[in-house]
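What follows draws every value from the coordinates through simple rules; no lab data is involved. Fair warning: this is a prediction, and the values are worked out from it, not measured in the lab. Reconstructed Cβ throughout: ideal geometry from the backbone, glycine too, with neighbour counts over all protein chains shown.
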Amino acid sequence: MKSTLTTEEKMMTPIDIFSDHHMHSTYSDGTDTIETMVKSAIKKGLHTIAITDHMPLPFKTRYAMDKQRLVAYRNEIDRVRQQYGHKLTILTGLEIEYIPQIATWIEDIVAMDWDVLIASVHSILVEGDHYMVNGNEQEFKKTLDHAFKGDIKALYQQYYQTIQQAAATQWFDIAGHLDVIKKHNGANPSFDETDSWHQTLIEQTLDLLKTHHLKMEINTSGLNHPAKAAYPSPWIIRSAVKRGIPIVMGSDSHSPETLGRYFDRINGLMENPE
Ligand SMILES: [Zn+2]
Ligand SMILES: [Zn+2]
């Protein structure tokens with residue numbers, strides 16, 4: 001895991017730290033309006049942002065947008081763009097929660113035409129039940145114990161297979177928080193992420209991102225999660241860069257003060273802490 005990037009490799013994949021491609025407003029589970037987020041982005045000197053609220057889901061969750069609000073959401077981004085578009089580029093986006101069983105529902109939303117669609121996997125449907133992979137620790141334990149009978153490898157396999165399926169649809173621009181499933185594998189890791197079964201899963205997933213022309217997000221929100229690391233881990237970022245996968249930054253902000261947070265640590269985010 002000690003591989004480093006050559007100067008040439010770094011130059012092939014320039015990373016824009018003044019663009020934030022991932023944020024939420026009150027249209028889903030953010031605390032502030034789209035306009036407040038935009039004003040904060042301007043203050044912070046960002047030149048491009050994508051508003052990417054959680055897409056509506058066909059069942060109730062604490063975070064997804066209400067389907068009835070989807071048109072108003074797009075209209076509000078248009079309005080704010082008209083007002084502030086001379087100060088920064090505002091992209092109309094959505095964070096898609098890819099669940100293969102609801103692919104037709106997602107396809108209808110994708111067809112509405114967006115500037116930016118993030119492909120994320122937050123949950124897995126097992127026999128009709130919705131199990132979170134990046135919720136709180138209790139939710140993760142429930143997913144592992146109830147839906148996967150404690151088999152961590154099986155859970156990770158299903159998670160990464162779902163991302164691979166999302167990539168293969170070719171509906172998406174960006175793979176969101178690629179290894180967010182590690183969120184609760186921090187303090188008491190149940191396996192080492194450099195174990196070969198895990199590495200193979202990641203490498204296969206990166207190959208598919210490359211094949212289907214997705215960009216990969218460096219999501220800095222993980223630095224404030226139990227994982228204490230950005231998503232994905234440095235070795236995964238380097239592996240993506242070596243493949244020529246374009247990298248974009250995302251703060252996954254749910255409030256204005258965290259926009260662009262830690263983007264200036266980009267070099268550190270690509271190096272192992274040891
Ligand atoms: Zn997400
Ligand atoms: Zn998000």
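Points worth noting:
- Among Val248, Val180, Val110, the residue with the largest mean-square fluctuation in a Gaussian network model of the chain, with springs joining Cα atoms closer than 10 Å, is Val110.
- Tensor-based shape of the range 1-61 (alpha-carbon gyration tensor, a/c under 1.5 rounded, otherwise prolate or oblate): oblate
- log10 of Debye I(q)/I(0), alpha-carbon scatterers only, for the chain at 0.13, 0.14, 0.15, 0.16 Å⁻¹: -0.85, -0.99, -1.15, -1.32
- Charge tally in the Cβ shell below 15 Å around Trp197, where Lys, Arg are +1 and Asp, Glu are -1, Trp197 excluded: -4
- Computed over the chain with a Gaussian network model linking Cα atoms closer than 10 Å, the most mobile of Arg69, Arg81, Arg261 is Arg69.
- Simple label model, 7 Å out from Cα along Cβ direction - Glu8 to Asp66, nm: 5.6
- Shape of the range 177-245, Cα gyration tensor, a/c cut at 1.5: oblate
- Considering only Val38, Leu214, Met55, the residue lying farthest towards the positive end of the dipole of the chain is Val38, judged by Cα position with unit charges set on Cβ.
- When both the range 130-163 and the range 1-71 are represented by their alpha-carbon centers, they are found 25 Å apart.
- Total charge dipole magnitude, the chain, about the Cα centre, Cβ charges on Lys, Arg, Asp, Glu only, Debye to nearest 20: 420
- The GNM of the chain, with springs linking C-alpha atoms under 10 angstrom apart, assigns the highest mean-square fluctuation among Thr162, Thr26, Thr52 to Thr26.
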